[in-house]
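Take a look at the structure set out below.
The values are calculated or read from the model by the stated rules, or taken from the named source; none is laboratory data. Because the structure is predicted, anything quoted here is derived from the model rather than measured. Positions of Cβ are generated from backbone atoms using ideal geometry, with glycine treated the same way; all protein chains shown enter the neighbour counts. To get the accessible areas, we keep the full protein, side chains included, count just its heavy atoms, and leave off ligands, DNA and RNA. Shrake-Rupley method; radii C 1.70, N 1.55, O 1.52, S 1.80 Å.
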Amino acid sequence: PYLDRDKIELFPNAVRADECNIERDLSRKIFDKYGIDKEKLVFVYGGNFGKPQGLDFLAEAIAQCRDIQEVHFVMVGKGGEKEKFFRALRGLGNVTALDALPKDEYEQLCAQCDVGMVVLDKRFTIPNYPSRILSYLGNAMPVFACTDKSCDVKDLLEQAQCGKWCYSGSLGDFKACVRWFVENRAALRTMGENGKKYLAQHFDVKKNIEKLETFIQGK
């Protein structure tokens with residue numbers, strides 16, 4: 001609060017919004033390769049499996065959702081906690097666990113999924129938004145964020161109307177959010193388009209360039 005707001009500008013992580021969209025294949029052929037049921041509502045998490053993700057909670061939360069027959073989870077990536085996490089998922093019929101894939105193949109798989117997941121350990125206290133969310137928004141995917149209470153992503157999802165947030169310390173809230181996506185399946189496309197528009201308005205590289213030019217000219 002002691003800083004002069006006129007001397008501050010925010011430059012968020014940004015992407016080239018017109019280059020990040022991958023065309024969705026309605027046949028979802030790539031699911032055949034990994035044995036994923038094409039009829040399910042598919043949640044995907046791709047990236048690092050480490051301490052920051054709170055994987056003990058995530059494994060238990062996925063297990064708690066076994067009775068929701070309409071959904072399937074896809075976990076893709078690598079990291080120091082991957083082996084432990086994958087062991088915890090063994091025997092669960094509602095999840096597919098995959099090692100890190102080549103970038104192009106991962107992007108193709110991700111684009112065919114229905115909901116992109118962001119997961120952070122409940123113990124974080126510093127506001128942030130994981131940059132992973134940008135690829136989801138760019139692909140017009142609704143977002144399911146399960147994070148600590150300080151994370152800025154909750155406000156982002158509410159403003160953009162492109163997904164759902166829950167606290168990563170409540171198994172009940174996680175399961176309720178999964179059911180919410182099932183019940184609102186017909187609205188997922190609209191949520192995804194909302195997110196894509198929000199990305200273009202706030203996280204496009206061009207916006208940061210405009211901010212920078214305005215900032216410099218103001219000096």
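Here the condition is being open to solvent by 10 Å² or more (accessible area, probe 1.4 Å), modelled with pLDDT under 90 and touching a helix residue (DSSP H, G or I) at 6+ places or on another chain (Cβ under 8 Å); of Ser135, Ser131, it holds for Ser135 alone.
Filtering Phe203, Phe215 for residues that are among the aromatic types (Phe, Trp, Tyr) and loosely packed, with under 15 Cβ neighbours inside 10 Å leaves a single hit, Phe215. Flag: Lys38 does not match the condition of being under 15 Å from Leu98 (Cα atoms), of a type in the set (D, E, K, R) and open to solvent by 60 Å² or more (accessible area, probe 1.4 Å). For Asp173, are the conditions met, namely being in contact with a strand residue (DSSP E or B) (Cβ under 9 Å, 6 or more places away or on another chain) and without any contact (Cβ under 8 Å) to a residue 24 or more places away in the chain? Yes, satisfied. For the condition closer than 24 Å to Trp165 by Cβ and either buried (at least 19 other Cβ atoms within 10 Å of the Cβ) or not charged (D, E, K, R) (or both), Phe86 does not qualify.
If I filter the range 66-83 down to residues being in contact with a Leu (Cβ under 6 Å, 6 or more places away or on another chain) and open to solvent by less than 30 Å² (accessible area, probe 1.4 Å), which single residue comes out as farthest from Lys51 (Cα to Cα)? The extreme case among them is Val71.
When Phe85 is tested against (1) at pLDDT 95 or above; (2) closer than 20 Å to Tyr136 by Cβ; (3) among the aromatic types (Phe, Trp, Tyr), only condition (2) is not met. Look at the range 98-109: where a residue is in contact (Cβ under 8 Å) with a residue 60 or more places away in the chain and a partner is in a loop (DSSP other than H, G, I, E, B), sitting 6+ places away or on another chain with Cβ atoms under 7 Å, you get Glu107/Ile22; Gln108/Ile22; Leu109/Leu101.
Inclusion of Glu83 among residues that are farther than 29 Å from Asn128 by Cα and more than 16 Å from the chain's Cα centre (by Cα) is not warranted. With a requirement of 2 or more residues that are modelled with pLDDT of 95 or more and at negative phi, the helices (runs of 4 or more DSSP H) lying completely within the range 168-219 that satisfy it span 171-183, 188-202.
Screening the candidates Gly46, Gly79, Gly91 for the property of being in contact with a Phe, Trp or Tyr (Cβ under 8 Å, 6 or more places away or on another chain) and on the phi > 0 side of the Ramachandran plot yields one hit, Gly79. Pairing residues of the range 7-28 that are closer than 15 Å to Glu107 by Cα and polar (S, T, N, Q) with residues that are modelled with pLDDT of 75 or more and open to solvent by less than 80 Å² (accessible area, probe 1.4 Å), at Cβ distances under 8 Å and at least 6 apart in sequence or on separate chains, gives Asn21/Gly138; Asn21/Asn139; Asn21/Ala140; Asn21/Lys196.
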